[in-house]
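> I am attaching a structure below and will ask some questions about it afterwards.
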Amino acid sequence: MSTTTEIDISPVDLADPETFVRNDMDEVWQLLRDEHPVYRQPASSSGGAFWVLSRYDDVLALYKDHENFVSGPGNMLESLLKPHGDPATGKVLAMTDNPRHSAIRTMLLKAFTPRIRSFVVERLERRVDELVASLVGTGEFDVATDLAELVPIGTICDLLGFPAPDHRMLLELSGKALSSDNAGQTADETWLARNELLVYCSTVIEERRDQPRDDLLSALATMEVGGVPLTDEEVLLNCYGFLLAGDHTSRLAMVSAVWNFARYPDQWEAVKDGWASPASAVEEIVRWASPVQHVGRTAVADVMIRDRLIQAGDVVTAWTVSANRDERVFNRPHEFDVARTPNKHLGFGYGAHFCFGAYLGRAEIGAVVQSLQKHVRHIQVAGEPKPLYSTFLRGYSSLPVSLHGHA
Amino acid sequence: MLIHADVDRCVGAGQCLMAAPDYFDLTDAGTVTVLRTDIRADDVVDVERAIELCPAKAIKQRHVSRSD
């Protein structure tokens, strides 16, 4: 390997959102996977030092070992590196550890009944189909704002049981609350949006406590763990967690789907003409997009990962985006292949914290793929996509295209 | 055709009960339990989807001959 050009990654700060916009990250991940699979990112102006795992096997092992690597103190860099972390740590499902995590998660999965699922998915498919049909042949539009943005929030709100007229407002607040769409939004603006969301949610929760309905919100509001009901704050933060977790990720995957169908016409043909199943295309879209770039854990014991000693208290990050391109596991990982088999990507995570909304995420992306297949002949890109500004999320916040129909 | 679920491999992702709710459920411990092991002809697609979606590959189908 002495003939390869040495790329120095020390100036690359993985805690700085700018890094992901300025660098060719494929090159950075390749180098990390090959040369520094257990890399220690030094402390920087963004925060303290943390470990970086980039190979599939190591990322998978971290997900599996929820005894030594916990989620309670936070599950992403932004919250883990801040002095006071995230107010939701230890309270929302994604940042709770066993046995409490398993108890709440199991009850919620059971509350996600076939009746609710078919209600949510039917409305989803209708909404997406009408949207896509209305955009075909109308000239240039933005996939991110005119299509993707209008899908997940309605779906999560249907699932939780928020009234339809409130969906728009929830979308705006959740956009600001995650603070990833625009560089330059102040921390105060972010916190303000988060607080507004919390106040709104708490009102609806009260209503469901008084009069439970057949929705996830009521399940959360009336749930008991070991005979003790969840506190208002826990119910509220979980609703808010679902909104945040399910909104951006699905949107990014949908934008990625359209972008990649446009960039790789042979793959679009395969989907359009039915050579590849929508279900298989959905898996490849999730692998390729990897909307959640990393997850973070905190070590609670001294553990060796390969030849490096991780000490109790250390923050360890697992980079799904790199694992999903690991050539040790995937053939031709840098090819977008809608018929890829097998495709055991880690786009939804793994283990105890496997994406709770994976079922809905797949349904949402699948609905977009099927509606495109039904209404669209050709996808024309009308401008450069605009990359998102985030260490946590990955994808595009804008993608101008026009869709041409079959006629 | 019979279904077998390996509780030791199960990670409680819950995808099987989404795909085939007549066949899979989670116990209070958060791991898979098989509700019925014989697959109705109409449900083969759902059960295969459950097997495919399990991130831990904990569910297997076993083909059994009539003489078993």
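> Taking the stated definitions as given, is A:Q373 out of contact with any strand residue (DSSP E or B) (no Cβ under 8 Å at 6 or more places or on another chain) and at pLDDT 95 or above? Talk me through it step by step, then tell me what you get.
Details: out of contact with any strand residue (DSSP E or B) (no Cβ under 8 Å at 6 or more places or on another chain): yes; at pLDDT 95 or above: yes.
Considered against the rule, which asks whether it is out of contact with any strand residue (DSSP E or B) (no Cβ under 8 Å at 6 or more places or on another chain) and at pLDDT 95 or above, A:Q373 comes out as yes.
> Tell me whether the stretch A:288-304 contains one or more residues that are part of a strand (DSSP E or B) and charged (D, E, K, R).
yes
> Scan the stretch A:98-143 for residues that are away from chain B (no Cβ under 13 Å) and part of a loop (DSSP other than H, G, I, E, B) and jot them down. Please lay out each step first, then the result.
Looking only at the stretch A:98-143, we keep the residues that are away from chain B (no Cβ under 13 Å), and these are A:119, A:122-143.
Scanning the stretch A:98-143 gives A:V136, A:G137, A:T138, A:G139, A:E140.
> Hey, can you tell me all the residues within the stretch A:187-219 that are within 18 Å of A:S79 (Cα to Cα) and among the small types (G, A, S)?
Residues satisfying the conditions are A:A187, A:A193.
> Within the stretch A:43-59, can you find the residues that are touching a Leu at 6+ places or on another chain (Cβ under 7 Å), part of a loop (DSSP other than H, G, I, E, B) and at pLDDT below 95?
Residues satisfying the conditions are A:S46, A:G48.
> If you don't mind, there's one more thing I want to ask. Residues being away from chain A (no Cβ under 12 Å) and polar (S, T, N, Q): count how many of those fall in the stretch B:1-57.
Qualifying residue count for the region: 1.
> Six or more apart or on different chains, Cβ atoms under 7 Å: show the pairs whose first residue is in the stretch A:187-208 and closer than 16 Å to A:G241 by Cβ and in contact (Cβ under 8 Å) with a residue 24 or more places away in the chain and whose second is part of a helix (DSSP H, G or I) and small (G, A, S).
Close Cβ pairs satisfying both conditions: A:R194/A:A177; A:L197/A:S174; A:L197/A:A177; A:I205/A:A221.
> Restricting the stretch A:324-360 to residues that are among the small types (G, A, S), under 24 Å from A:V151 (Cα atoms) and assigned to a loop (DSSP other than H, G, I, E, B), which is nearest to the other protein chains (Cβ to nearest Cβ)?
Restricting to residues being among the small types (G, A, S), under 24 Å from A:V151 (Cα atoms) and assigned to a loop (DSSP other than H, G, I, E, B), the top hit is A:G349.
> Shifting gears a bit: Considering each of A:V255, A:V329, A:V295 in turn, give the residue that is more than 30 Å from A:R209 (Cα to Cα), surrounded by fewer than 23 Cβ atoms within 10 Å (Cβ to Cβ) and touching a residue at least 40 places away in the same chain (Cβ under 8 Å).
Answer to the check: A:V329.
The values are calculated or read from the model by the stated rules, or taken from the named source; none is laboratory data. This one's a predicted model, so the numbers in the text were calculated from it and none came from an experiment. Here the Cβ is made from the backbone with ideal geometry for all residues, glycine too, and neighbour counts use every protein chain on show.
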